[in-house]
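Input: a single structure, listed below in structure tokens.
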């Protein structure tokens, strides 16, 4: 799939400023909007928030995967953010989330969207991967970890 | 357990088939010798000729040794009287089917108590409840609830272009954690399989999933690109008891209802009783009338006349003109297997709905808490408690030698609901929602036997 291996360096936020769920959604959405022309930050934020309202994407083990489909967007994009202090995210295990992957996809590429979510899920199920992501010192080290994925 | 069933009609037959198939001792009483002989040929039951309202016949049939008494003849009076007679004997549980609203409409519980009957079943009420459950899940053709409504088993028709089509079960399992669901079965060409990792979802499959109720919207959106919501515009064809009751309940849910009824006298009654429903005097097969009233814009068409033919044809007509979904009342069980191919979304058989209700009640006593038979499939779902036995403590599901043809859809532990993976650990006293094809029941019961 190579979704994670090909993450853009500009879409890696090693130190998130956000301290709340809403702030982190804003911060990730803003980063994506900067890189992709024609995306509206408020629309993207709302889509992510609507998805969270159906059920938190905080899947436990410090991980959150906010995601959504957006009309008129031409590709699949991911953005990674890390919060060393952790952010309360209504996660399944009730613990704060530290590692955030934002996934957005066009509204009509339903199939690959499903694959991308599965890829992220597989990647993050590995406890070693999670702890390496937490320990990486800078974007380059993070990038190296991502590049090693299949 | 010795079970006596009075009435060898469709419900009686279905119950005899289920219960005798599970190894229960079934005595079946009916006045029609031909019917009894036919059933005796097919099933392992003891037939007794005579009226269930006769104490002599009941005694001959061995009522004094009977644990469970079920009266399901066509006559309400016979059902009630035979239940009352059975009171003199040592019968533990009595169940009667009644059609006439007067017997149950007001204060059912009191009527049940006064008559010494444990469960009064009205097929019309049962169907109405089933329809109301189905309409909230507009995309699913089958809905069953467990854990007091917190767990749903839903059936969907896989259609071209939906995200899950072409995916293997393994692909979908990787989504666990983000989206919690278990695909418990796939029904393909009228055959139900419990899918394994390599099996893929194909167009035309009926896919059965178990999930938490609160997770239904996101999972439905992810897999089927769909969102269930209550219908805005509904058509009901047939203003009999079911049509009337459904219309009344839909009004309370603020759904726009158009009710089509052929009999003008009945229309007057309906128009008087129903506040917001538009009552149309037509026969459900007049395409012109229906189109004039906007059946092409309907989210849901419910065909509940007393004629299967009218129900099938009016559903097809509605679908042809663009109605999104139809629920079709079918009395003849022989029709059900072909209806999927014709494009009928949800066939609803009163026989099965009533029999289900009885089975659920009957089996409530033991380890099995709840059982549901799926429409148009030979699979069942049970809710059962696993025994307090150390061999189940901390056992990961993948090491449990689970019978072929069965799968665990959900685990209730205390107040918590777990959608399991292979790594989930079982605990004694867990309640399980288990899905199985009909051959596997015995094996499941053996596995969890004390």
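The values are calculated or read from the model by the stated rules, or taken from the named source; none is laboratory data. Keep in mind it's a predicted model, so treat the numbers as computed, not measured. FYI the Cβ positions are ideal-geometry reconstructions off the backbone, even for glycines, and counts take in every protein chain you see.
Name every residue in the stretch B:245-255 that is touching a helix residue (DSSP H, G or I) at 6+ places or on another chain (Cβ under 6 Å) and either without any contact (Cβ under 8 Å) to a residue 40 or more places away in the chain or surrounded by fewer than 24 Cβ atoms within 10 Å (Cβ to Cβ) (or both), in order of residue number. It would help to see each step written out before you state the result.
So in the stretch B:245-255, the residues touching a helix residue (DSSP H, G or I) at 6+ places or on another chain (Cβ under 6 Å) come out as B:245-246, B:249.
The answer is B:245, B:249.
When residues of the stretch B:45-75 are filtered for being in a helix (DSSP H, G or I) and in contact with a strand residue (DSSP E or B) (Cβ under 8 Å, 6 or more places away or on another chain), how many remain?
Pass one, the stretch B:45-75, residues in a helix (DSSP H, G or I): B:55-60, B:63-65.
Then keep just the ones that are in contact with a strand residue (DSSP E or B) (Cβ under 8 Å, 6 or more places away or on another chain); that gives B:57-58, B:60, B:63, B:65.
So the answer is 5.
Looking at this structure, is residue B:175 touching a helix residue (DSSP H, G or I) at 6+ places or on another chain (Cβ under 6 Å), over 30 Å from residue B:239 (Cβ atoms) and not assigned by TED's automatic domain parsing to the domain that holds residue B:380? I'd like the intermediate steps shown before the answer.
Values: touching a helix residue (DSSP H, G or I) at 6+ places or on another chain (Cβ under 6 Å): yes; over 30 Å from residue B:239 (Cβ atoms): yes; not assigned by TED's automatic domain parsing to the domain that holds residue B:380: yes.
Yes; evaluated as a whole, the condition is true for this residue.
Please state which of the following conditions residue A:118 fails to meet, knowing it meets all the rest: (1) in contact with a helix residue (DSSP H, G or I) (Cβ under 9 Å, 6 or more places away or on another chain); (2) more than 12 Å from every other protein chain (Cβ to nearest Cβ); (3) surrounded by 15 or more Cβ atoms within 10 Å (Cβ to Cβ).
(2)
Please pick out the residue among B:114, B:144 that is more than 17 Å from the chain's Cα centre (by Cα) and either at pLDDT 70 or above or in the same structural domain as residue B:246 (by TED's automatic domain parsing) (or both).
Details: B:144 fails: more than 17 Å from the chain's Cα centre (by Cα).
It is B:114.
Just to confirm my filter: which strands (runs of 3 or more DSSP E) fall fully inside the stretch A:24-98 and include at least 2 residues that are within 14 Å of chain B (Cβ to nearest Cβ) and within 13 Å of the chain's Cα centre (by Cα)?
A:58-60, A:67-70
Output the number of the condition that residue A:72 fails; it satisfies all remaining conditions of (1) buried (at least 16 other Cβ atoms within 10 Å of the Cβ); (2) farther than 22 Å from residue A:96 by Cα.
It is condition (1) that residue A:72 fails.
All but one of (1) under 19 Å from residue B:357 (Cα atoms); (2) at pLDDT 90 or above; (3) touching a helix residue (DSSP H, G or I) at 6+ places or on another chain (Cβ under 6 Å) hold for residue B:83; state the number of the condition that does not hold.
Tallying (1) under 19 Å from residue B:357 (Cα atoms); (2) at pLDDT 90 or above; (3) touching a helix residue (DSSP H, G or I) at 6+ places or on another chain (Cβ under 6 Å), residue B:83 fails exactly one: (3).
Might you let me know whether the stretch A:138-146 holds any residue that is buried (at least 20 other Cβ atoms within 10 Å of the Cβ) and under 23 Å from residue B:419 (Cβ atoms)? If you could, list the steps in order and put the result at the bottom.
Going residue by residue through the stretch A:138-146, those that are buried (at least 20 other Cβ atoms within 10 Å of the Cβ) are A:142, A:146.
Subset that is under 23 Å from residue B:419 (Cβ atoms): none.
Within the stretch A:138-146, none of the residues are buried (at least 20 other Cβ atoms within 10 Å of the Cβ) and under 23 Å from residue B:419 (Cβ atoms).
Condition first: touching a residue at least 40 places away in the same chain (Cβ under 8 Å) and surrounded by fewer than 16 Cβ atoms within 10 Å (Cβ to Cβ). Now tell me which residues in the stretch B:197-212 satisfy that. Please lay out each step first, then the result.
From the stretch B:197-212, those touching a residue at least 40 places away in the same chain (Cβ under 8 Å) are B:201-212; that's our starting set.
Hits for the stretch B:197-212 are B:202, B:203, B:204.
Please verify whether residue B:229 is surrounded by fewer than 20 Cβ atoms within 10 Å (Cβ to Cβ), under 23 Å from residue B:130 (Cα atoms), at pLDDT below 95 and within 14 Å of chain A (Cβ to nearest Cβ), treating the condition exactly as stated.
Considered against the rule, which asks whether it is surrounded by fewer than 20 Cβ atoms within 10 Å (Cβ to Cβ), under 23 Å from residue B:130 (Cα atoms), at pLDDT below 95 and within 14 Å of chain A (Cβ to nearest Cβ), residue B:229 comes out as yes.
Output yes when any residue across the stretch B:136-143 is within 13 Å of another protein chain (Cβ to nearest Cβ) and touching a helix residue (DSSP H, G or I) at 6+ places or on another chain (Cβ under 7 Å), and no when none is.
No, the stretch B:136-143 contains no residue that is within 13 Å of another protein chain (Cβ to nearest Cβ) and touching a helix residue (DSSP H, G or I) at 6+ places or on another chain (Cβ under 7 Å).
Identify, from the list B:91, B:48, the residue that is at pLDDT below 90 and within 13 Å of residue B:5 (Cα to Cα). Walk me through it before giving the result.
On the way: B:48 fails: at pLDDT below 90.
Just one listed residue meets the conditions, B:91.
Scanning the stretch B:285-303 for residues that are surrounded by 15 or more Cβ atoms within 10 Å (Cβ to Cβ) and more than 20 Å from residue B:231 (Cα to Cα), which turns out farthest from the chain's Cα centre (by Cα)?
It comes out as B:289.
Table: residues versus (1) touching a residue at least 40 places away in the same chain (Cβ under 8 Å); (2) under 23 Å from residue B:405 (Cα atoms).
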residue	(1), (2)
B:151	yes, yes
B:155	yes, yes
B:160	yes, no
B:167	no, yes
B:175	yes, no
B:179	yes, no
B:190	yes, yes
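Can you tell me how many residues in the stretch B:152-200 are under 26 Å from residue A:54 (Cα atoms), assigned to a loop (DSSP other than H, G, I, E, B) and more than 11 Å from every other protein chain (Cβ to nearest Cβ)?
4
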